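The values are calculated or read from the model by the stated rules, or taken from the named source; none is laboratory data. Predicted, not measured: the structure shown is a model, and the values here were computed from it. Quick reminder, even Gly has a Cβ in these numbers, built from the backbone with ideal geometry, and neighbours come from all protein chains shown.
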Amino acid sequence: MEHRRAAYRKAGVTVRYGDQSGELKHIRADDPDGQARWSFSSQQATLRRLDKAFRAFFDRMRQGRTPGFPRFKGRGWFDTVEWPKDGDGCRWDSRPEHPTATFVRLQGIGHVRIHQHRRVLGTVKTIGVKREGSRWYVVLSCDDVPAEPFPATGAVVGVDMGVASLVTTSDGVHVTNARHQAASADRLAAARRDLARKKRRSKRRRKAVARVAVLHAKVRRQRLDGAHKAALALVHDYDVIVHEDLLITNMTKRAAPRPDGAGHFLPKRARNVGTWRRRTASPKPSSDLRRAGIRRTPT
């Protein structure tokens, strides 16, 4: 990032992905014990992420919006590394002869034993390593995953995604919007108070930051789990699902409470199991109704 900024500030030159990828080869050649130890493909993937961030920034500028300029991510923020191809700097199931354990091999690190929580279907395409607090996860994307459609039910349903209720179906079924963050509010408040008392850049503050991050990560996992289960229940019981094409942020003045993501996961899961879905036109946003003196009761 600093290379791009300095080149434009001092010489008015725009540096793109191809330029930085070409220079990366020379950097690796001059530093065999440092940069050359790591996967070239993984380093290129990081450069692509940077290029994507800049392209998204300029696209928003052309649309007349006011986006934030891409910022440098320090050690505590850059938590994901990706290998674009299995076998190029990484290898899934690198020790298939082992009778019980599963290993992944990462260039510059070696064989790492992992806990495989479910069977991998299809052909592994990309491998990513993600850090969440003190935990590390291996994320796989696969090709040629066999589809497993549910048996046809012939049922049709319309769903309304709301705030008070996560989903309300045309059959009159309400899916409760679990307030996971409210349930953890006391522990979060205590952890934040403890964090505020710690001296900056101290070891105790880093530990307090980690405790707050663990609580937020638990809430996020609970929201994702609830959204997946709600979507799975819908596509299991209905063949056709009609949902409103709306923005959740238009339903309230502010972004709280944040949507649990049912509208995001429903289309993807519906494709995987053979459920047909359809979007309907969204009515006027709640902000327009309020200006007209009309209030919409949350569902």
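Structure values in brief
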item: Failed item in (1) of a type in the set (G, A, S); (2) within 19 Å of K130 (Cβ to Cβ); (3) loosely packed, with under 11 Cβ neighbours inside 10 Å, with G22 passing the rest; result: (2)
item: Selection within the stretch 176-231 - in contact with a Ser or Thr (Cβ under 7 Å, 6 or more places away or on another chain) and more than 19 Å from E132 (Cα to Cα); result: T176, N177
item: Residues located in the stretch 1-56, provided they are among the aromatic types (F, W, Y) and part of a helix (DSSP H, G or I); result: Y8, Y17, F40, F54
item: Exclusive hit being closer than 30 Å to V104 by Cβ and among the aliphatic types (A, V, I, L, M), set V173, V145; result: V145
item: Strands (runs of 3 or more DSSP E) within the stretch 127-238 that include 1 or more residues modelled with pLDDT under 90 and touching a Gly at 6+ places or on another chain (Cβ under 8 Å); result: 156-161, 165-169
item: The stretch 133-152, residues that are surrounded by 11 or more Cβ atoms within 10 Å (Cβ to Cβ) and farther than 16 Å from A231 by Cα; result: G133, W136, Y137, V138, V139, L140, S141, C142, V145
item: Residue satisfying all of: in the stretch 172-213; of a type in the set (S, T, N, Q) and surrounded by 14 or more Cβ atoms within 10 Å (Cβ to Cβ); farthest from D225 (Cα to Cα) among these; result: S184
item: Every pair of residues 6+ apart whose Cβ atoms lie under 6 Å, when the first sits in the stretch 168-180 and is more than 16 Å from V219 (Cα to Cα) while the second is loosely packed, with under 15 Cβ neighbours inside 10 Å and polar (S, T, N, Q); result: T168/T299
item: Among (1) surrounded by 13 or more Cβ atoms within 10 Å (Cβ to Cβ); (2) in a strand (DSSP E or B); (3) over 20 Å from the mean Cα position of the chain (by Cα), the one test that R113 misses; result: (1)
item: Count of residues meeting criterion [within 28 Å of A233 (Cβ to Cβ) and free of Cβ contacts under 8 Å to residues at least 12 places away in the same chain] in the stretch 119-167; result: 3
item: Which numbered condition L106 fails, given (1) surrounded by 11 or more Cβ atoms within 10 Å (Cβ to Cβ); (2) more than 26 Å from R206 (Cβ to Cβ); result: (2)
item: Test: residue in the stretch 85-99 that is at pLDDT below 90 and over 20 Å from the mean Cα position of the chain (by Cα); result: yes
item: Of all residues in the stretch 47-82 being loosely packed, with under 15 Cβ neighbours inside 10 Å and β-branched (V, I, T), the one that is farthest from H3 (Cα to Cα); result: T66
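This table checks each residue for (1) outside the structural domain of R48 (by TED's automatic domain parsing); (2) surrounded by fewer than 14 Cβ atoms within 10 Å (Cβ to Cβ); (3) not in a strand (DSSP E or B).
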{"position": "D88", "(1), (2), (3)": "yes, no, yes"}
{"position": "R91", "(1), (2), (3)": "yes, no, no"}
{"position": "E97", "(1), (2), (3)": "yes, yes, yes"}
{"position": "V124", "(1), (2), (3)": "yes, no, no"}
